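The values are calculated or read from the model by the stated rules, or taken from the named source; none is laboratory data. These numbers were taken from a predicted model, which means no experiment stands behind them. Don't worry about glycine lacking a Cβ; one is built from the backbone with ideal geometry, like all the others, and counts go over all protein chains shown. Heavy atoms of the whole protein, side chains included, go into the accessibility calculation; ligands, DNA and RNA do not. Shrake-Rupley method; radii C 1.70, N 1.55, O 1.52, S 1.80 Å.
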Amino acid sequence: SAHKSKPMEQLCSVQGEMPDDFKAGMQCAMLAPTAVNQQKFLFELSPDGKVTAKAFKGPCSKVDLGIVKYQFEVGYGRKI
C-alpha cells in the first residue's frame, strides 16, 4: 500500500514562497517512517533562511525527529 502522509502544509511553516530545496527536503521528510505513522514534527523556515525542526509529544517522537531530520537533509542537500 502507498505511504500515507499528512499534507505538507501541516508539517512545515514557511513565510512567503517555499524554496525548491526546502520543498525537496520536505518531500523526503514526509516519506520517513515515524512511530505509528503519526508524523509529530514541524520544520520551520525563518525569513533569514534558517531551518529548524521540532518534535511534538508522542511515542518515540525524539527518535522520529532524528530520522525525519536526516531524511530532510538528504533532500535539502545540507545539514540543518
If you go through the range 63-74 one residue at a time, do you hit one that is under 11 Å from the mean Cα position of the chain (by Cα), small (G, A, S) and at pLDDT below 95?
no
Would you be able to say whether some residue in the range 3-12 is in a helix (DSSP H, G or I), surrounded by 15 or more Cβ atoms within 10 Å (Cβ to Cβ) and either free of Cβ contacts under 8 Å to residues at least 60 places away in the same chain or of a type in the set (A, V, I, L, M) (or both)?
yes
Mind counting the residues in the range 35-67 that are out of contact with any Leu (no Cβ under 9 Å at 6 or more places or on another chain), surrounded by 12 or more Cβ atoms within 10 Å (Cβ to Cβ) and of a type in the set (V, I, T)?
2
If a residue has to be over 15 Å from I80 (Cα atoms), in a helix (DSSP H, G or I) and in contact (Cβ under 8 Å) with a residue 24 or more places away in the chain to count, how many in the range 41-69 make the cut?
3
The listed residue being among the charged types (D, E, K, R) and part of a helix (DSSP H, G or I), out of E17, E73
E73
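Only one of Q15, Q38 is without any contact (Cβ under 8 Å) to a residue 40 or more places away in the chain, under 22 Å from R78 (Cα atoms) and in contact with a Ser or Thr (Cβ under 9 Å, 6 or more places away or on another chain). Can you tell me which? Lay out the reasoning, then the answer.
On the way: Q38 fails: under 22 Å from R78 (Cα atoms).
Among Q15, Q38, only Q15 is without any contact (Cβ under 8 Å) to a residue 40 or more places away in the chain, under 22 Å from R78 (Cα atoms) and in contact with a Ser or Thr (Cβ under 9 Å, 6 or more places away or on another chain).
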Could you please give the count of residues in the range 18-28 that are closer than 9 Å to M8 by Cβ and either open to solvent by less than 10 Å² (accessible area, probe 1.4 Å) or in contact with a Phe, Trp or Tyr (Cβ under 6 Å, 6 or more places away or on another chain) (or both)?
1
